Every structure is written in C-alpha cells, then in structure tokens.
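Reading through the structure tokens given below for one structure.
The values are calculated or read from the model by the stated rules, or taken from the named source; none is laboratory data. Bear in mind the structure is a predicted one, so any value in this text is a computation, not a measurement. We place every Cβ from the backbone using ideal geometry, glycine too, and count neighbours over all the protein chains shown.
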Amino acid sequence: MFFPELERRVNISRLSKRGNRHLRRVILLMAVAVVMHNEYFREYFKRRRAEGLPYKKAVLAVDHKLLRTIYAMLEHKKAFLP
C-alpha cells in the first residue's frame, strides 16, 4: 500500500451511538460505579486497560460484561458469585 498511515487507521473501531441514549447513559454510569465499588469488575477493567484499551472502551467492555452477568443471574435465578 502506498500510504501506510491509512492502513493503520482502517483497524480503528468506533463506539456505537445506536439505541436509546438515556438507557446507554444509565448503563455507562452503572459500569463506572461497578468499577469503583466491585473488586471483580475493577480487576477486569484494569486488565482491559493493560491490554491497551482507552478508558472509555475499557468501561464499555465492563459495561458489556456487567450486562451479560445480570442476564445470566436473571436467567439462572442465582446471586452474583465472582
């Protein structure tokens, strides 16, 4: 390729802005709170940051993990046990 700087930019992913903006904001706030108050999710957040993710993407990774955890708790009718 003639422009190597353009090749690097192709791999950059963007944050999605689809869905209800109010719900997305509430879920984001939940993720920030769980990182501050729960050791399991805090360690996951630190691990994702160590992998090189920017702050916001690491929080969104926690966000996704939190939603999957909540869904599993509801599906299996069990309490959260990290």
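Return yes or no: is residue 31 within 9 Å of the chain's Cα centre (by Cα), under 25 Å from residue 18 (Cα atoms) and among the aliphatic types (A, V, I, L, M)?
yes
When the stretch 10-50 is filtered for residues that are over 12 Å from residue 63 (Cβ atoms) and hydroxyl-bearing (Ser, Thr, Tyr), the ones remaining, listed by number, are 13, 40. Is there any pair linking a residue in the stretch 41-59 that is within 14 Å of residue 82 (Cα to Cα) and without any contact (Cβ under 8 Å) to a residue 40 or more places away in the chain to one that is assigned to a helix (DSSP H, G or I) and of a type in the set (D, E, K, R), with Cβ under 9 Å and at least six apart or on different chains, and which? Close Cβ pairs satisfying both conditions: 41/65; 44/65.
Scan the stretch 57-70 for residues that are of a type outside the set (Val, Ile, Thr) and under 16 Å from residue 26 (Cβ atoms) and jot them down.
Listed by number, the residues that qualify are 60, 63, 64, 66, 67.
Would you point out the residue of the stretch 1-37, among those that are hydrophobic (A, V, I, L, M, F, W, C) and not in a helix (DSSP H, G or I), that is modelled with the lowest pLDDT? So, considering only residues that are hydrophobic (A, V, I, L, M, F, W, C) and not in a helix (DSSP H, G or I), the one modelled with the lowest pLDDT is 1.
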